[in-house]
Amino acid sequence: MFYFDEINGKKILKSDELSGVQHFFTTRQTVIKSKEPEMESVVLENKEDIIKYLNILPENFIHPSQTHTSNIEIAEAGRTLYPDTDALILTNNIQGIYLNFADCTPVILYDRIKNIAAVVHAGWRGTAGAIASKTVRKMCMDFGCKAENITAVIGPAISVCCYDVGQEVFDALKLTVNDFNGLYQERGGKVYVDLKAINARQLEEAGVKNIDICPYCTVCDNDMFFSYRKENATTNRHSAVVRLLEK
């Protein structure tokens, strides 16, 4: 279940399914990614607050260059550049990682046994590439994780109520799961897909059993989160943030 918490009096969103790891989704109040000049001081202030909250050094708060791929990298202490990367796996407790979103689906993965986490950016292209389940498989292959020990938290994103797509996108998404029933709706001559549910189905088929899906839609709940569609290609983003704790 999702609930709101605060950093320095500003809202963040968490899931009670992820215990033992620092994690949250930022909101409009805690924005740390924007290209708007008027947001510069706000972003800097929020970053300082979050870095202090995570108890890490500023240079260890990192994010990849997201390009709507299904490419996955592993965060390495001392490394800050991760080009063309839309999922980042974290195995150390020195760094904090974050990825940025404004309608696309954020997925946080955490293996409580291995103490390994990941943050995944799943827009329709990433979802078509099954990036979330691909990340689970990489965690299992590279680090000996077991899918049944991984908890997945799917954060605020555009929901089926608002996400109409063309035939090409629909066909690409339909190929990613064994059963596409219940993952789309037809209304008013348009097809609406449920990216959050599609990612959840992909994860289930990869063996993940514990999945928490955020009820918030970035379009309907635009007062709390950013929407690329509703806000005319805004550069503001909310973020999914993770830092591992010592075991």
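Check Glu204, Glu186 and return the single one that is in a strand (DSSP E or B) and without any contact (Cβ under 8 Å) to a residue 24 or more places away in the chain.
Working: Glu204 fails: in a strand (DSSP E or B).
Result of the check over Glu204, Glu186: Glu186.
Could you list, in sequence order, the residues of the stretch 64-78 that are part of a loop (DSSP other than H, G, I, E, B) and touching a Pro at 6+ places or on another chain (Cβ under 7 Å)?
Here is the first cut: in the stretch 64-78, the residues part of a loop (DSSP other than H, G, I, E, B) are 64-71, 75-78.
The one that is part of a loop (DSSP other than H, G, I, E, B) and touching a Pro at 6+ places or on another chain (Cβ under 7 Å): Ser65.
Quick one: is Ala200 among the hydrophobic types (A, V, I, L, M, F, W, C), touching a Pro at 6+ places or on another chain (Cβ under 7 Å) and buried (at least 22 other Cβ atoms within 10 Å of the Cβ)? First the steps, then the outcome.
Working: among the hydrophobic types (A, V, I, L, M, F, W, C): yes; touching a Pro at 6+ places or on another chain (Cβ under 7 Å): no; buried (at least 22 other Cβ atoms within 10 Å of the Cβ): yes.
Judged against the criteria, Ala200 is not a match.
Could you grab me the full set of residues in the stretch 201-217 that are closer than 13 Å to Phe101 by Cβ and in contact with a strand residue (DSSP E or B) (Cβ under 6 Å, 6 or more places away or on another chain)?
Cys214
Hey, any hits in the stretch 19-42 for a residue that's modelled with pLDDT under 95, in a loop (DSSP other than H, G, I, E, B) and either of a type in the set (Asp, Glu) or out of contact with any Gly (no Cβ under 8 Å at 6 or more places or on another chain) (or both)?
Looking for residues that are modelled with pLDDT under 95, in a loop (DSSP other than H, G, I, E, B) and either of a type in the set (Asp, Glu) or out of contact with any Gly (no Cβ under 8 Å at 6 or more places or on another chain) (or both), one finds at least one in the stretch 19-42, hence yes.
Just the residues that are touching a Ser or Thr at 6+ places or on another chain (Cβ under 9 Å) and either aliphatic (A, V, I, L, M) or more than 16 Å from Gly126 (Cβ to Cβ) (or both), please, taken from the stretch 170-191.
Selection gives Ala172, Leu173.
Determine if the stretch 141-155 includes at least one residue that is closer than 24 Å to Ser34 by Cβ, of a type in the set (Val, Ile, Thr) and assigned to a loop (DSSP other than H, G, I, E, B).
Checked against the condition, which is being closer than 24 Å to Ser34 by Cβ, of a type in the set (Val, Ile, Thr) and assigned to a loop (DSSP other than H, G, I, E, B), the stretch 141-155 yields no hits at all.
The values are calculated or read from the model by the stated rules, or taken from the named source; none is laboratory data. Treat the numbers as computed from the prediction; the structure is a model and nothing was measured. Cβ atoms come from the backbone with ideal geometry, glycine included; neighbour counts cover every protein chain shown.
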